[in-house]
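Asker: I'd like to ask some things about the structure below.
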Amino acid sequence: MASGCAKRGGCPSDYVAVSIAAICFLVLLSRSVLPCLIHKAPRNNSSSFWIPVIQVFSSFNLLFSTMMSINLLQFKTKHWWQYCYLWSVWVEGPLGFGLLMSCRITQAFQLYFIFVKKRLPPVKSYVFLPLVLLPWIFGAAIVQAKRPLDSQCHMGLEWTLPVAGLNALYVLALLAFTRAIRHVEFRFDELRDLWKGILVSATSVALWVTSFVLNEIHTDTSWLQVTSRFVLLVTGGILVIVFFSISSHQPLLAQISFKNRQEFPRMGLALGIHDSGLLFRKEEVRPVDPNEPLDKLLLNKRFRKSLMEFADSCYAGETLHFYEEVYEHGKIPEGDSIRRIYMARHIMEKFIVAGAEMEVNVSHKTRQEILTTQDLTHLDLFKNALNEVMQLIKMNLVRDYWSSTFFIKFKEEVAMDKEGWSLSPPRMSLVQGSDDPFYQEHMSKSSTSRYSSPS
Amino acid sequence: MGLLCSRSRHHTEDTDENAQAAEIERRIEQEAKAEKHIRKLLLLGAGESGKSTIFKQIKLLFQTGFDEGELKSYVPVIHANVYQTIKLLHDGTKEFAQNETDPAKYTLSSENMAIGEKLSEIGGRLDYPRLTKDLAEGIETLWNDPAIQETCSRGNELQVPDCTKYLMENLKRLSDVNYIPTKEDVLYARVRTTGVVEIQFSPVGENKKSGEVYRLFDVGGQRNERRKWIHLFEGVTAVIFCAAISEYDQTLFEDEQKNRMMETKELFDWVLKQPCFEKTSIMLFLNKFDIFEKKVLDVPLNVCDWFRDYQPVSSGKQEIEHAYEFVKKKFEELYYQNTAPDRVDRVFKIYRTTALDQKLVKKTFKLVDETLRRRNLLEAGLL
């Protein structure tokens, strides 16, 4: 019996392996999809969204093609879709393991450029990924042309070794990129994740290649056949899960949008830039003079908030949000290049890139200057853009703001506060505040303005 | 508001509050009724197509206009325009001098070099000083430098605003200590709009109060601004689409790889395809005719891909007319391609405009008003 099922497939251990692989894939799928569903993460079209999707896709390909190509399941009749070259060459290679490794290498490449070279990668990831994948496609094409596979989908030793070599080469490439960025002190454990990823993938690739080689060469030893293909599929399953779980790519995005949204509503806070020291409470109560220069006025947090509400109400809020984040960017000490890079990249992706969530209205030249910068840590990276945006605020928004209800409300608030400050202890206004329908909103939006409007 | 009300209706059992809710409901209905008479107009179009100039004209024509305070508030804007323009020209000249085969053409005279550097530095500041006589003289000297003039003639490659010549010719007046901008100055002033601005007006003037009431929305035209437009798309009576026909040889402010006319074409196409606008009248303003008629004799229309098949026929006035008709036909074709006969339930009119020309805008608006009222009557079955 053993020899029969070893050849045709369908041994008990094979079914166990298939179930394990299926479970692995389901776990992977739930890990990748659930956070998006639960936290309703905004979907964007950047590589941070597509690379994980491609990873899931290639993981499925890898597992499914392994299952198909090593005779795990017993089929009564041979179907046309059981075509050997399709599964064991194309889907397993370029669309499976090759794609999975290429995704990882792309991520490491991005990290390398951003943090070591301190500029944005010269090649977009949607160009880089196919480039990295090219050798796999060539390899598959050669195999397809030379047709070395026998009826059991096995290739001989002379073919197995180069294939295993290609696999190992990609692990080595990943290793090389990781070595290059090992000195960078990442804020969010990217490096540790990357090392873990390499360790896991190297181990499973070693195991996998061994069983692959054994499976390919010793086609006549039936116990070896059954065991090796069991190991092959199970390692594949574990590999894809672990590989996906250790996310080295933009862990920040995950940090902010999934886990710590309550704790870190903004990038600045996630990076530990605090808004303290900006204002003293006494200053806050100071009335605002419209003739003062805008950059001075904006330092008044109360005023800024009121202006921001006004800008939001006429769909121009991105200008002030940009101002705030660039302001925070400016507060990072000069020597702290890693934090500067994080913040700079965040600002670029949120405000500068064409089609960004809160793209600001700046000229082509300024945008290009920022996106092609040779130094992501540069102090004046956003200077020109901020200048343009400030002009926009000055000539457009502020002029209308002075005659808006938002300014009237702001003046009232300041007047009330002045009284409240001198007459009642701070706690009083808290009590008053609970009657105010807008109180909740104020509190949630800004934690420092404790004196909400008893309007 | 509506949301708030419906929520309170769900959550209250108290009769008192119910009565209050009913009252609110009634008021909303009343307001909605009043709102029904107000016709919603949208000014759409790519960046720098003249939407805000039209908007300012409407303010001048059908509202109280600008009082002295408002006029004065334009002083910093106009001065900023001057500084930004001269910086743009200066920096452009430097760039051309570096990259062109004939750098001498773009080299400033040595005494103007220092003035240029100084003005460029001011233009890069966040806060500009008030334009003084001294500064204005410096700007004028620089403006008259052949290199700057040479650069200005290639203004389409830089993002030089249309008002450049106007500003430079009026420097003396603009730098006066007691300078108060004129209506014309305000119309020429270039401010990039961001977000949405609205006014309400009735185009019939004061003697006849029975006219339609319009609410006009002005928006920013750059790409990032356009995604805000959809917030306004519901219940629009008419879209006034501004297309600057003089910009066929210029590139976008936000993307210098893209020809402005091609962008306008795509944008108009997109607007016409909006399901919200199936019953919305489209008023196409082929704007900046004043610049167009000067430019078209020097720069052939077919530099723009969309007008590649244009063949000039004659010269002078005839040629201008011919070119204009060609452009108009292109827009017409685009409109009919996007308006299937089974849902031709909207009015389409094309107007030749120069947003700076107050009389022309007034006349055009009268026509727009007439068209919309006519359509209104048609819909009510009275005509």
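Asker: Go through B:Lys94/B:Lys133; B:Lys51/B:Lys363; B:Lys288/B:Lys349 and tell me which ones have a Cα-Cα distance over 19 Å in this structure.
Answerer: Pairs exceeding the cut-off: B:Lys94/B:Lys133.
Asker: Still on this model: Which of these, B:Leu43, B:Leu171, B:Leu187, has the largest mean-square fluctuation under a Gaussian network model of chain B (Cα springs below 10 Å)?
Answerer: Answer for the Gaussian network model of chain B: B:Leu171.
Asker: If r is the Cβ-Cβ distance from B:Asp269 to B:Gln63 and R0 is 41 Å, what FRET efficiency results, to the nearest 0.05?
Answerer: The calculated FRET efficiency here is 0.80.
Asker: Oh, and also: Can you list the trypsin sites (Lys or Arg not before Pro) in the range B:145-206 that are in a DSSP coil and have 16 or fewer other beta carbons within 10 angstrom? Spell out each step's value before the answer.
Answerer: Numbers: sites: B:Arg154, B:Lys165, B:Lys172, B:Arg173, B:Lys183, B:Arg190, B:Arg192; in loops: B:Arg154, B:Arg190, B:Arg192.
Those satisfying the criteria are B:Arg154.
Asker: Amide H neighbours of B:Asn287 under 5 Å, at least 5 residues apart or on other chains, H built in the peptide plane: list them.
Answerer: Result for B:Asn287 returns B:Ala243, B:Ala244, B:Ile245, B:Thr353.
Asker: Give the long-range amide H neighbours of B:Thr251: residues separated by 5 or more places, or on another chain, with amide H under 5 Å away, using H modelled in the peptide plane at 1.01 Å from N.
Answerer: Distant-sequence amide H within range of B:Thr251: B:Arg260.
Asker: Run the numbers for B:Asp345 and B:Lys165: contour at 0.36 nm per residue of separation, minus the present Cα-Cα distance, in nm.
Answerer: Gain on stretching B:Asp345 to B:Lys165: 60.5 nm.
Asker: With a Förster radius of 25 Å, plug the Cβ-Cβ distance of A:Ile408 and B:Glu198 into 1/(1 + (r/R0)^6) and report the FRET value to the nearest 0.05.
Answerer: My answer for the efficiency is 0.85.
Asker: Once both axes come from the Cα atoms, what is the angle between helix B:51-62 and the longest principal axis of chain B, in degrees from 0 to 90, rounded to 10?
Answerer: 60 degrees
Asker: Then there's this: Between B:Asp309 and B:Thr101, with labels modelled 7 Å along Cα→Cβ, what's the label distance in nm to one decimal, could you check?
Answerer: Placing both labels 7 Å along Cα→Cβ, they lie 3.5 nm apart.
Asker: If one takes the longest principal axis of the Cα atoms in chain B, at what angle in degrees, from 0 to 90 and to the nearest 10, does the Cα axis of helix B:358-380 lie?
Answerer: That helix lies at roughly 20 degrees to the long axis.
Asker: Which residue, B:Leu158, B:Gly124, B:Gln98, has the largest displacement toward the positive end of the dipole of the range B:92-176 when charges sit on each Cβ (Lys, Arg +1; Asp, Glu -1)?
Answerer: B:Gly124
Asker: Here is a follow-up. Any idea how far apart B:Asp176 and A:Leu199 come out in nm if each label point goes 7 Å out from Cα toward Cβ?
Answerer: According to this spin-label approximation, the distance is 8.0 nm.
Asker: 222 nm [θ] for chain B, helices only, -39500 (n - 2.57) per DSSP H run of 4+, per residue, to 500?
Answerer: For chain B, the value works out to -16000 deg cm²/dmol.
Asker: To the nearest 10 degrees, how steep is helix B:133-144 against the longest Cα principal axis of chain B, on a 0 to 90 scale?
Answerer: 70 degrees
Asker: How much FRET efficiency would the formula 1/(1 + (r/R0)^6) give for B:Thr141 and A:Gln368, where r is the Cβ-Cβ distance and R0 is 25 Å, rounded to 0.05?
Answerer: 0.20
Asker: Kindly work out what percent of the DSSP beta bridges joining two residues of chain B are antiparallel, to the nearest 5.
Answerer: For chain B, the DSSP antiparallel bridge percentage is about 25.
Asker: Can you list the residues, at least 5 places off or on another chain, whose amide H is less than 5 Å from the amide H of B:Leu44, using H built in the peptide plane?
Answerer: B:Ile240, B:Phe241, B:Cys242
Any read-out appearing in this document is the output of simple, stated calculations on the displayed coordinates, not a laboratory observation. Remember, predicted model here, so these are calculated numbers, not experimental data. Reconstructed Cβ throughout: ideal geometry from the backbone, glycine too, with neighbour counts over all protein chains shown.
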